[in-house]
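S.K.: Take this structure, written in structure tokens, and hold onto it; I'll ask about it next.
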Amino acid sequence: MMDSNTTTTHAITMQGQGQPHQHHHGDRHQHRHGDGYGYRSGRRGWVVPGVVVFLSVMLVLSGCTSSGDDPSPGVTSPAGTAGETTPPTTTTAVPPPTAAVYKPASDTGPAENVPKPVLPAKAQEFSKEGLIAFTEYWYSTLGYAFETGDPEPMMTITDPGCRTCNAMKEAVVPWHEEGRWIVGGQMHVLSSDTPFTPAADGNYQVTLMVRQQNVKYYRGDKTLAEDRGVKPTVADILIATYGSGRWTAITVEHLQGSGA
């Protein structure tokens, strides 16, 4: 009688307000920063066949020459038969990376791990609530620019022709170069409202009360260049347009008679 030989293979898978003015810091660098953040407005596997045949013949011959239950002399069980057990392979779970901790700027150094503002879904809606959500998001990107020197989130949702927005970018970015940094600058929207009726040019207006956290400018040698002091609450107007499924800020200005 022919013996049954079974081979088992285990596979383990291992798993700035006003025109910017210049400040001289040191004897080589000149940088400017605006007063606050705006300007006043006067508007509103392979298998070889031969090997298979050879193995088949050998199995047949061993079956024919075996007697009773005794195995044929010289024939040993191949390694990895069903009678053997393979120890289970264990894997060590890798813990998720620890979220970076936000550290605000201070007199000892710039802010670290500042969370980038995320545009909420509501801010993309063509509605009164959507416009207000967009406006509040825009101010969060302005505060982010002051903290990090990165105006990209703000400019992405702003018309390239926004004069005041470009002035703010030009005032903030140099203060995050060559070791310089800004303390404060975060924006707080206290109230906002819009009639949500288009103006003659088709744009929409939002009026709001905002306050900016005290801004301090530090040089690369860690000395204080200027302390802007505590700013009062001011009235702003943001003009926006809607197109291609999103809002875009056309301009952002202080209302006439509102100081910063």
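Computed from the coordinates by the stated procedures, all read-outs in this text should not be read as laboratory data. Source: prediction; values computed, not measured. For neighbour counting, all protein chains shown are included, and Cβ atoms are generated from backbone atoms with ideal geometry for every residue, glycine included.
S.K.: Under a crude label model (7 Å from the Cα following the beta-carbon direction), how far is Val118 from Thr98 in nanometres?
M.R.: Each label point lies 7 Å from its Cα, and together they span 2.2 nm.
S.K.: Among 239-250, 168-179, how do they line up from the highest to the lowest mean number of other beta-carbon atoms within 10 Å?
M.R.: By packing density, highest mean first, the sequence is 168-179, 239-250.
S.K.: In bins 10 Å wide, starting from 0, what share of all Cα pairs of segment 120-254 does each bin hold, as a percent?
M.R.: Bin by bin from 0 Å, the calculated values are 12, 42, 31, 12, 3, 0.
S.K.: Here is a follow-up. Between Ser106 and Glu152, what is the spin-label point distance in nm, taking each point 7 Å from the Cα along the Cα→C-beta axis?
M.R.: Distance between the two pseudo-spin positions: 2.9 nm.
S.K.: While we're on this one: Given 0.36 nm per residue, what is the gain on full extension from Asn166 to Glu129 after removing their alpha carbon distance, in nm? Let's see the in-between values first.
M.R.: Details: separation 37, 0.36 × 37 = 13.32 nm, distance 2.68 nm.
Residue separation times 0.36 nm, minus the Cα-Cα distance, leaves 10.6 nm.
S.K.: Could you give the length gained on full extension between Asp159 and Asp201, defined as 0.36 nm per residue of separation minus the Cα-Cα distance, in nm?
M.R.: Numbers: separation 42, 0.36 × 42 = 15.12 nm, distance 1.52 nm.
Result for the pair: 13.6 nm of gain on full extension.
S.K.: Among the listed pairs Lys103/Lys216; Lys128/Lys169; Lys169/Lys231; Lys122/Lys169, give every one whose C-alpha distance is greater than 24 Å. Walk me through the intermediate numbers first.
M.R.: Details: Lys103/Lys216 16 Å; Lys128/Lys169 28 Å; Lys169/Lys231 19 Å; Lys122/Lys169 26 Å.
From Lys103/Lys216; Lys128/Lys169; Lys169/Lys231; Lys122/Lys169, over 24 Å: Lys128/Lys169; Lys122/Lys169.
S.K.: Here is a follow-up. Counting Lys and Arg as +1 and Asp and Glu as -1, each charge on the Cβ, what is the dipole of segment 138-260 about the Cα centre in debye, to the nearest 20? List each step's numbers first, then the result.
M.R.: Details: 10 positive and 14 negative charges, 48 e Å.
The calculated dipole for segment 138-260 is roughly 220 debye.
S.K.: Based on alpha-carbon centroids, what's the gap between segment 97-123 and segment 195-226 in Å, whole number please?
M.R.: Centre-to-centre (Cα) distance: 19 Å.
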